[in-house]
Every structure is written in structure tokens, then in C-alpha cells.
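The values are calculated or read from the model by the stated rules, or taken from the named source; none is laboratory data. None of these values were measured; they are calculated from a predicted model. All Cβ positions, even for glycine, are placed from backbone atoms using ideal geometry, and neighbour counts span all protein chains on display.
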Amino acid sequence: MLYLNAKHTFVVNNNFMSQNQIPLLTKILPLFGLLLVVSLLSSHATLDPGLLIRFLGLQVILALLLVQWVVNKQFKLRGLKSSLWIVWLLFAMFTGVRLLWGNSYCDSIFEWMKIFSYQLLLFLLIQNYSFKELQKGSTWSLSILGMVLAIWGLVELVEVMQSGKLNIPLSTYQVKAILGHRNLYAEILFLILPFQIYLAVTEKSRLFSILNVTFCNLSLFLLIVLSNRSVWLSLVMMTLLFTGFVLWNRQQKSTFLLILNKPFRWIGITFSVTLLLSILFFVFFTVTNEAETHAGNILKIDNGSGKDRIELWKRTLQIIKEKPIFGCGAANWKIEMLKYGNKGLVSEDNVTYYQRPHNDFLWIASEYGLIGGILYLLGFLIAFYLAWAQIKKQQETRRQLFFLSVLFALTGFAIFSFFSFPHERIVSNIILFTLFALLIKGNTETEIETTGLKKRTLKWMSFLLLALLVVGSFYYGYQRYTSESHTKLALEAKMENQPKRVIEEIEQAESAFYQMDPLSTPLSWYEGLAWYQLGKPDSAIRCFTTALALNPYHVHVINDLASSYVQIGENEKAISLYKKALKIYPEFEESALNLCAVYFNEHQNDSALSALSYLDIQTSNPNFKPYIKAILKAKIISILTKQGKTELIHSLPDDPEWYFLQYKTHKIEGISIENLIFDFSKQQKPY
């Protein structure tokens, strides 16, 4: 009898284990896919190789997490009373409601779908995982991702070095792995580093611990060498925070340092060696003076990227001042900022267009108003508070160290948000909201449990609604992916001067889901340009008009619409549009010269001459001097004719430089054209 009971107990336990192995596997795979697989997705079919394909990957993971949540027999809504959860839920709800007014075009909807996806991810991570599951799964996934990215970056760095000494920072821009840009690559590498250090210190396996220490040092080496100044600042802040934590522990007489003294000592030694190797690398493998200049420009705001950021922030503050409460609308910053012109920016060439102000807090406040900006900032402040609260209250050393790692990562993300744009990127936000989930799970959980029919009804209604939103987001993202693929083909056709092919590709690309390329240029502008090249101005006007409705401050759209009106003889409309372009950006030479040409063709020489005033007299534009010659010569002939000195007309020089010198005298010395002609007449009398 005793034997049978023992056997029965063994069988029951064995069944219990076998039933839990499958759910554990289903939990691990989505988390692994979320932090590792989605991060490595890339597509060369689209203009942005990472954004849309990773958005689609995120939707797939969300679908798996939703299924995992709905098949769970227990239905307890966990963590929903957390202040962190509530603030981010309010932010997602407000940004969604904000779509009901303003410019709710396709880009705005896509921006909200990203925000909704992150909030849903936070919800599902809280519901599906215990703290230990989420902690272990996220640290291991991030650690492996860090190893992959570090190896990838090292290979690219070696390839760049084969061409000779590196120019800092230009050469390092080629080191970007799968993330599309050096800065994004360095930021993700930093966000992973604290968790690699955590595993290196706490992992019991000596082999894996050594492996982690090795990759920690490789990541640190790359972060230093890649010369991203916001990452350098984050490394300094992490060092200061750790120093402060050590001093606080000593004051509290904590056993933390006694328990982890040995592994930290070894990591400290290896990090010191890595720092020395990094310095030696700069000395022997880079153009030293350029590296020194780059380092010296960290705090300078009168040139380079620092100057551009300040100018962008000023324009962003102007947008906030205009619409302080609700903002200009999602995805509208890139349009609104154009009305302030781009004087003094890198985009002054009217080829480069900024898409964000390189400060996420200002970006959010400009598009969603102070309400959205305060909610976004409050979400970070609460996260910092919860992280520090966990560090203070934890008695278990490894758990305390883990939340210290979370604090390091949050600090880095906040710094990047102040100088860059992690809010836009899928991978950055996946990591951020995983950190939020860990903070919520690490605190005392509150649960709302439902029972009976109410339980089943609420669960399935929630599932169906969320599933519908995920499927809708995937479909929306896929349509944008397809459209951007055709847009890329259209741009290739444009470069190859194939206007008919441009029209075909744009017609397939343009839809209710996608109307502008990533640089805020309407797709209809490309089609209009192709029609213009084919000699069909009416079709061009139709396309340019559509483009102008989408982006009313895009100077190329305005200029080309005006030029199309010139082609059909509607010069008054053309003049009005050229003036509009020059009001937005007075230094736009193309519109100034076109306006000058229209006035000249209508024999309005004074107006044509006035239009030339928009151009800098030192411009290198090849059309400038020929235009001066044509206008000034016509003006002189008109004056000589009025003065009855037609015999002098044949004496006018043919050299454009002579007319340029007369114009220069007119502009610099303020001498009127009439007086210049008077002097010319006196010079010609002997003849």
C-alpha cells in the first residue's frame, strides 16, 4: 500500500513536468524572437532596410504572445495598477485620440500603430511571464544579440581599416552591422552592455562567464572607437552611477561588494586594459588630429552636428509655441519645420531633409503637445524611480545587480533620447518596453482575477479586439512595405533617367497607406517630375498639386509646380508660387533664378533684377552670370533707348564678366543702374 502511493505520487509529478515543458518552450521562443530575431531582420527592398520589416516582425511576435496569453487557463490581469503601466497606457490612448483631428494621413496612423504595438507588448510581457522568466529570457537573448553585433561590428571595422588610417568620425560610419547607421548600432550595443556585464558577474558557468567578459570588452572597445559622443557620455554616466552605488553600499554596510568583489575586480582590470587598447588604437590607426578635433567638439555648439541640433531644437520650440496643447500632429514635425527654412543647417542644400529634431522629448511635445510631452517624460521619470526603489529594497545581491543594469540601460536610453531619435526605431523600443515590463514585474504585483462566464467573456472579447488590431497593424505595415519597395525602384529609375518607369512604379507605390517617402517628399512629386520630363505639363501640374497638399512647405514641390505653370503660360500663378518658395527659404537659388527668368520673359527687367537679389553675389551657380548679362544688357538698352543714345548699344560688351562687375558695383556700392549707364555713356563719347 505504501509502495503504491509512492508510485502514484511519482507518476503524477512526472505528468506535471511533461505538461509544463511545452508552455515553457512556447514562452521562451517569442521572447527569443522578440529580442534577437526581430533585431536582426533587414530588407534591401525598402529605402529604410530595418524599420518596416522589423515592424512586421514585431506584429508576428505580438500575435504569438496573444495566443500564448489566451490559451493560458488562468486569467489574472497583472500589473495594471502600476503607475508606469498607467502612464504609458494614457500616452498610447492620447496619441490615438489625437489622430481624430489634424493631419491624420497615413504616416500619422503608422506612428500610432508603433506606439500601440509597444504598449501591447508591455501588456503581454506583464501577463505572460513571471519576473524570473522575463529576467532570464531577456538577459540571455540580449547577451547573444550583443555577441552577434560585436562580431559583426569588428569585422566591418577591420574591413574599413584595410584602406589605411581611419578618419574620425567619417570612417566609422561604415561600421553599422545590420542597424543601418553607426549611431543606432552604437546605441543598441550600449543598451545591451549592462546585461552582458550582469551575466558575466553572476553566471555560474566559468566558460560562459569568460565568454561574456570577452564580449563585454569587445563591445566596450567598439563603443569607444566608434566615437559616438552620446554613447561616450552614457559610458561616463554609467561609471559615475556605479561609483555612486558603491559608495552608497559602503555607507549602508551592504554585503554586495563582498559577494561580488572578485568578478568585479576582474571586469575592472579587463576594462582598464580595453580602455588602454582603445587609446593605442586611436594613436596608431587613426588620423590623430581628426580624432582630437572630434573629441574636442563634444561641447561645441558653433559648428558641426552640435550647431545643427541647436538650430533644430529652436525650430521645434517654435512649433511647440504655435500649438502648445495638442501639438502639430503625429509625423508632422518633418513638414512643419520646413516653413522655418533651413538656413544654417546641413539641409541647406535642399537635398537633405531632417525627419526628426534629434531630441525625442521635444519631438513628442511638438507633435502631441505638452500633454503628450509630459506623459512621455513622466513615463521615464517613473521608470527611474522604480529602478532605484528596487535597488534600494532588494536584499538578494544578484537581483540588486540586475536592477542596477536596468538603471544603466535606462540612463543610456534617456541620453540617446535627448541627442538622437530612439523613439523612431523598433529595436530600441522593444528593449525599452522590455525594461518597463521588468520594472513592473519586479514590484509587488496586483492582480485582477475574473471568474465564471464574466471571465471567459472578458478574456475572449479582449483577445479578439487585440488580435484584430495586430492583424490590422500587420496589414498596414505590409502595404507600406510593398509601397516603399516600389518607391525604391522608382528612385532607381529616376537616377537612370527613365521617366516612364518612374511613373509606373509610383502608381504602384502610392496608396492610402503610403504617400510620402522617408524624407517627407510626396510620391506624387516624383511622378510629376517624370511627366514634366516627358513634356506633359498638365499631368505634371495635377501631380504637383497633390504633392503640395501633402507637404505645403516643400520648396522643390512649390518650385516645380510653378515651372509647370510657366510651361502652359500661366505666369501669374508661377510668380506667386516662386515667391512662396522664396518666402519659406529666401536662399533657394533655383526659385530665384526661375522667378528672374519669368520676369525677364515678360520684359519686367526691374523685377527680374530685383529677383537676383535673393542670390548671394559669391554664388557658384553657373546660371548666375549669364542671367545677370541678359537682364542687365536689356536694362541698359532700354535706358540708352530712352536717352536717345541708341548708337552706343552696339558698343555694349559681350563678356558676362563685365556685366557681373557692373552688377557687383550696383549691389555693393549702391550705385543705381542709371548712373552706371551715365558713366558708360561718358566713356563711350570719344568713340
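Of the residues that make up region 5-12, is at least one surrounded by fewer than 18 Cβ atoms within 10 Å (Cβ to Cβ), among the β-branched types (V, I, T), outside the structural domain of Y514 (by TED's automatic domain parsing) and modelled with pLDDT of 75 or more?
No.
Taking the residues in region 594-639 that are hydrophobic (A, V, I, L, M, F, W, C) and outside any helix (DSSP H, G or I) as candidates, determine which candidate is surrounded by the fewest Cβ atoms within 10 Å (Cβ to Cβ).
Residue satisfying both the conditions and the ranking: I617.
Out of the residues in region 652-677 that are surrounded by 16 or more Cβ atoms within 10 Å (Cβ to Cβ) and of a type in the set (V, I, T), which is farthest from N601 (Cα to Cα)?
Out of the qualifying residues, it is I677.
From the list T46, T95, which residue is under 30 Å from A490 (Cα atoms), among the β-branched types (V, I, T), crowded, with 20+ Cβ neighbours inside 10 Å and out of contact with any His (no Cβ under 7 Å at 6 or more places or on another chain)?
T46
Please list, ordered by residue number, the helices (runs of 4 or more DSSP H) wholly in region 163-261 having 2 or more residues that are free of Cβ contacts under 8 Å to residues at least 40 places away in the same chain.
Counting at least 2 such residues, we get 206-225, 229-252.
What pairs can you find where one residue is in region 519-546 and free of Cβ contacts under 8 Å to residues at least 12 places away in the same chain, the other is aromatic (F, W, Y), and their Cβ atoms are less than 8 Å apart, with a gap of 6+ or different chains?
Listed by first residue and then by second, the contacts come to S539/W531.
Each row is one residue, and each column tells you yes or no for (1) of a type in the set (D, E); (2) out of contact with any His (no Cβ under 8 Å at 6 or more places or on another chain); (3) buried (at least 21 other Cβ atoms within 10 Å of the Cβ); (4) at pLDDT below 95.
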{"position": "G472", "(1), (2), (3), (4)": "no, yes, no, no"}
{"position": "G477", "(1), (2), (3), (4)": "no, yes, yes, no"}
{"position": "T487", "(1), (2), (3), (4)": "no, yes, yes, no"}
{"position": "Q498", "(1), (2), (3), (4)": "no, yes, no, no"}
{"position": "I506", "(1), (2), (3), (4)": "no, no, yes, no"}
{"position": "Y526", "(1), (2), (3), (4)": "no, yes, yes, no"}
{"position": "A530", "(1), (2), (3), (4)": "no, yes, yes, no"}
{"position": "I541", "(1), (2), (3), (4)": "no, yes, yes, no"}
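Among the residues of region 657-665, is any assigned to a loop (DSSP other than H, G, I, E, B) and either touching a residue at least 24 places away in the same chain (Cβ under 8 Å) or under 47 Å from the mean Cα position of the chain (by Cα) (or both)?
No; the residues of region 657-665 include none that is assigned to a loop (DSSP other than H, G, I, E, B) and either touching a residue at least 24 places away in the same chain (Cβ under 8 Å) or under 47 Å from the mean Cα position of the chain (by Cα) (or both).
Residue check: is H603 touching a residue at least 40 places away in the same chain (Cβ under 8 Å), out of contact with any Lys or Arg (no Cβ under 8 Å at 6 or more places or on another chain) and not assigned by TED's automatic domain parsing to the domain that holds K635?
no
Take Y553 and tell me if it is out of contact with any Phe, Trp or Tyr (no Cβ under 7 Å at 6 or more places or on another chain), among the aromatic types (F, W, Y) and part of a helix (DSSP H, G or I).
no
What are the pairs, 6+ residues apart or on separate chains, where a residue within region 550-574 that is of a type in the set (D, E) has its Cβ under 6 Å from a residue that is buried (at least 23 other Cβ atoms within 10 Å of the Cβ)?
That search, which allows pairs on different chains as well, returns D560/F544.
Would you check if S539 is out of contact with any Gly (no Cβ under 9 Å at 6 or more places or on another chain), assigned to a helix (DSSP H, G or I) and not assigned by TED's automatic domain parsing to the domain that holds I109?
It is false that S539 is out of contact with any Gly (no Cβ under 9 Å at 6 or more places or on another chain), assigned to a helix (DSSP H, G or I) and not assigned by TED's automatic domain parsing to the domain that holds I109.
Do we have any residue at all in region 191-211 that's closer than 19 Å to S420 by Cα and surrounded by fewer than 22 Cβ atoms within 10 Å (Cβ to Cβ)?
no
Could you tell me how many of the residues in region 641-651 are closer than 23 Å to S607 by Cα and either of a type in the set (D, E) or modelled with pLDDT under 80 (or both)?
So the count comes out to 2.
Identify all residues within region 30-59 that are of a type outside the set (A, V, I, L, M), modelled with pLDDT under 95 and more than 19 Å from the chain's Cα centre (by Cα); write none if there are none.
Once the filter is applied, which keeps residues that are of a type outside the set (A, V, I, L, M), modelled with pLDDT under 95 and more than 19 Å from the chain's Cα centre (by Cα), region 30-59 yields P30, F32, G33.
Would you tally the residues in region 309-348 being more than 20 Å from the chain's Cα centre (by Cα) and assigned to a helix (DSSP H, G or I)?
Residues flagged as more than 20 Å from the chain's Cα centre (by Cα) and assigned to a helix (DSSP H, G or I) within region 309-348 amount to 5.
Is it the case that S141 is under 25 Å from L31 (Cα atoms), crowded, with 20+ Cβ neighbours inside 10 Å and in contact (Cβ under 8 Å) with a residue 24 or more places away in the chain?
Taking the combined requirement at face value, the residue satisfies it.
What's the number of the only condition in (1) outside any loop (DSSP other than H, G, I, E, B); (2) at pLDDT 90 or above that R399 fails to meet?
Unmet condition: (2).
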